[in-house]
């Protein structure tokens, strides 16, 4: 491979221009100076830094560890369902609705259940199995990225909402997320066929996974006692929940802290460095077009827009915003419906779609997947709002 300071030559002989590292560094510094400069001008440098650390510390203690506990419990519960065949039973029950709704084979319902019990990448792990992939045409197979993401961390989102005291609202939000998933998956399939019409008739497994060995299933010892199987399932599922809980901590601390500092205002004593203070930039921007969000989502306070913005990158971080929203009196039943729908449907897709499509070998279709899922998430929120108006 030949390289130069201006460009590099790939193994296919194409020249790719490389950005000068000094330019990248300067651009990065400018962005950092602009973002934190605006905050510091309003709050002051010392209060800004103190508020940033205090907010992150409070989120870690009162939100992240709570979410980790929820992840451990849901992980253990989900593993029990897998161990004793409940997931397989659900797959058979959901089989008849997959083709008319999502234009996917019945086995795709297994991927939806798995991502609902865990997170978005579970659908990619499942797709590595040739026995699973052979049921799909290529355009359907690629659309699994959108289908699986719309159910990612669904159980965690719903249980978290229930733990806050809401029971009917999360179910209404779940219905909205299903509608958003249909729209996202169908849009993605249409986008793929428009640019690659030959994918309609090409089997997914033939060329994509010729050299991938079939995933070996964990052997089950028939002589294991019922107690041992339950204990192993609970411990293994809980361990996976710990890993998920650890994985969402950076998103909660980094993204939520920044969003909160752009969402909330000064305290009663001004900017004294307390947690959850900020410059109220996002509400100010949203207030200029708040009628749109009030009409589409039923948001009666512009601060609530912080949830969908955060859910773009990490739904765990978005969940961390809700307790503060509730303490300020901004949250009602409609908001919980919309939060559940858009949080579950988007599920941090901006931070996962690129990696998911890259692992499938279709990185060039990332922009189409993101556009389709943006549309699907907005539809999910609107449907949840309409259902909330009807039932609440």
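Only the coordinates and a few stated rules stand behind these numbers; no lab work does. Everything quoted here is computed from the prediction, not taken from an experiment. All Cβ positions, glycine included, derive from the backbone under ideal geometry; neighbour counts span all protein chains shown.
Just a few scattered comments:
- Ranking of 153, 261, 98 by count of other Cβ atoms within 10 Å, fewest first: 98, 261, 153
- Between the range 290-337 and the range 360-386, the alpha-carbon center distance in angstrom: 19 Å
- Global geometry of the range 136-206, whether rounded, prolate or oblate, following the gyration tensor of its Cα atoms and the 1.5 cut on a/c: prolate
- With a cut-off of 20 Å on the backbone N, the residues of the range 174-188 near the modelled label site 7 Å out from residue 371 along Cα-Cβ are 180-188.
- Solvent-free Debye scattering, log10 I(q)/I(0), computed from the Cα coordinates of the range 325-392 at q = 0.22 Å⁻¹: -0.87
- Segment residue 61-residue 350, length gained on full extension (0.36 nm per residue, minus Cα span): 101.4 nm
- For the range 45-391, taking Cα atoms only, Rg and Dmax work out to 20.9, 67 Å respectively.
- Per-selection Rg to Rh, the range 253-392 - Cα, Kirkwood hydrodynamic radius: 1.01
- Protection-proxy order for peptides 136-146, 336-346, 50-60, each taking the mean of Cβ atoms within 10 Å per residue, highest first: 336-346, 136-146, 50-60
- Using the Cβ-Cβ distance between residue 203 and residue 54 with R0 = 45 Å, the FRET efficiency computed as 1/(1 + (r/R0)^6) comes to roughly 0.20.
- Computed extension length for residue 284-residue 95: 63.4 nm, one decimal, from 0.36 nm per residue of separation with the Cα-Cα distance subtracted.
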